[in-house]
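The values are calculated or read from the model by the stated rules, or taken from the named source; none is laboratory data. Note that the structure is a prediction, hence the values are computed from the model and not measured. Backbone-built Cβ (ideal geometry, glycine too); neighbour counts: all protein chains shown.
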Amino acid sequence: MKLPVYLDNNATTPVDPRVLQEMLPYFSERFGNAASRTHSYGWEAEESVDIAREQIAGLIGAHPHEIVFTSGATEAVNLAIKGVFDNSGKERKHIITVCTEHKAVLDTCKHLERRGGTVTYLPVNANGLISLTDLENAVTDDTILIAVMYANNETGVIQPVREIAAIAKKYQIPFLSDATQAVGKIPVNVQNEGIDLLTISAHKLYGPKGVGALYVRKKNPAIALTAQIDGGGHERNMRSGTLNVPGIVGLGWACEIAGAELTRESKRVATLRNAFEVELLMLQDIEVNGEEARRLPHCTNISFGQVDGEKLIFEAGSDLAFSRSSACTSATLEPSYVLKAMGFSDERIHNSFRFSFGRFSTEEDVAHAVSVISRIVKQHRHERNLGHHPVV
């Protein structure tokens, strides 16, 4: 067992050695530019990129030509939302999203509001789920996009994607789902679920950082986007720039491996996650945030009563690596906006933490994590009972 035990796989995952092995030749031996059409170095790179498109498309039920490579999910989100916005004309500028979306979505929407757009931010209930009635009531004649994430990065709560897609289709509105946390962890099929735009990030599924993809539906209906990066017309004029061939190869193989192992692996990590929750719940005054909703199998968000959250994460630091909320907001001291939207008190939010298991997590890791956290929680509560109240 390696210390500290890594329980922050929602933030990022290590590159699978099998993925790394496939990537390595493209840094030195097969270093061609995929846009070089006059010699074998370029042809070889282009072929490898095409194979990666097939691997990614195969994982999500898409056609390879519907895959657009980006630098990651944040760029993919920006291309999707701004691309639809800029392509919609001057009159229709309304977007519907959710207050618990990733900052990549929320900040992009805020940017478009400054450009004259209007955005409806749907609320969520105590389990982090939107109301389908609220969604349908928010639709107007000016609505150009519905953007609802597949699964939340802090709680793992999965939204009713098929039902959302049905509403979008009813009103002929494109539906974007940020599936960064879901792809490779649970079955995701853009055709069966009616998703028009979908984002992927390699480093969330054991691939490299700095590469991602956007699925863009090509028919029934075809989704048109205005490019956000100009300069060469790469990726069928949707995203110019020399392709990151090693990263793309890595993303492709990460998707290939995830698809092959998905059923077995999702059951395995769910067993680890469930055992972790059961053991900690025995401490009493422990709550699992979003527990009553369908969740990703590897993720849990837990609040600890009668505990100083700051001290808990500090004291566990040499033994465990976990997080308070999402990686994108960990530099701030503000309470989690996701948990706040779910209606929780500041104290509960302050004492809530995300634990996300992964491909390399073991039963030994779980046992160690339970032991460390239980010891700290019991110590904090003992100090409270003695009157030594830690500052919260």
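Taking the listed residues Gly247, Gly252, Gly210, the one that is surrounded by fewer than 18 Cβ atoms within 10 Å (Cβ to Cβ), at pLDDT 95 or above and within 21 Å of Met23 (Cβ to Cβ) is Gly210, with no other qualifying. Among the residues of segment 253-274, none qualifies, meaning not one is farther than 20 Å from Val183 by Cα, free of Cβ contacts under 8 Å to residues at least 60 places away in the same chain, of a type in the set (Val, Ile, Thr) and not assigned by TED's automatic domain parsing to the domain that holds Ser48. Residues in segment 136-153 that are among the hydrophobic types (A, V, I, L, M, F, W, C) and either assigned to a loop (DSSP other than H, G, I, E, B) or touching a Cys at 6+ places or on another chain (Cβ under 6 Å) (or both): Val139, Val148, Met149. Of the listed requirements (1) assigned to a loop (DSSP other than H, G, I, E, B); (2) surrounded by 17 or more Cβ atoms within 10 Å (Cβ to Cβ), Ala80 misses just one: (1). Residues in segment 355-381 that are more than 23 Å from the chain's Cα centre (by Cα) and charged (D, E, K, R): Glu363, Glu364, Asp365, Arg375, Lys378, Arg381. State whether the residues of segment 165-173 include one that is in contact (Cβ under 8 Å) with a residue 12 or more places away in the chain and within 11 Å of the chain's Cα centre (by Cα). Scanning segment 165-173, I find no residue that is in contact (Cβ under 8 Å) with a residue 12 or more places away in the chain and within 11 Å of the chain's Cα centre (by Cα), so the answer is no. For Leu312, are the conditions met, namely being closer than 30 Å to Val372 by Cα and surrounded by fewer than 17 Cβ atoms within 10 Å (Cβ to Cβ)? When the stated conditions are applied, Leu312 does not pass them.
For every residue, the table says whether it meets (1) part of a loop (DSSP other than H, G, I, E, B); (2) touching a residue at least 60 places away in the same chain (Cβ under 8 Å); (3) over 21 Å from the mean Cα position of the chain (by Cα).
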| residue | (1), (2), (3) |
| --- | --- |
| Tyr26 | no, yes, yes |
| Ala35 | yes, yes, yes |
| Thr38 | yes, no, yes |
| Tyr41 | no, no, yes |
| Glu44 | no, no, yes |
| Val49 | no, yes, yes |
| Phe69 | no, yes, no |
| Ala76 | no, yes, no |
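Checked against (1) β-branched (Val, Ile, Thr); (2) free of Cβ contacts under 8 Å to residues at least 60 places away in the same chain; (3) in a loop (DSSP other than H, G, I, E, B); (4) touching a Lys or Arg at 6+ places or on another chain (Cβ under 8 Å), Thr108 meets all criteria but (3).
Select the helices (runs of 4 or more DSSP H) contained entirely in segment 276-392, then report the ones holding at least 2 residues which are acidic (Asp, Glu) and at pLDDT below 95. Of the helices (runs of 4 or more DSSP H) lying wholly inside segment 276-392, those with at least 2 residues that are acidic (Asp, Glu) and at pLDDT below 95 span 346-350.
Sub-8 Å Cβ pairs linking a first residue in segment 319-344 that is in the same structural domain as Gly290 (by TED's automatic domain parsing) and under 22 Å from Arg375 (Cα atoms) to a second residue that is modelled with pLDDT of 85 or more and loosely packed, with under 13 Cβ neighbours inside 10 Å, at least 6 apart or interchain, are Asp319/Leu3, ordered by first then second residue.
Among the conditions (1) touching a strand residue (DSSP E or B) at 6+ places or on another chain (Cβ under 7 Å); (2) on the phi > 0 side of the Ramachandran plot; (3) not hydrophobic (A, V, I, L, M, F, W, C), the only one that Gly116 does not satisfy is (1).
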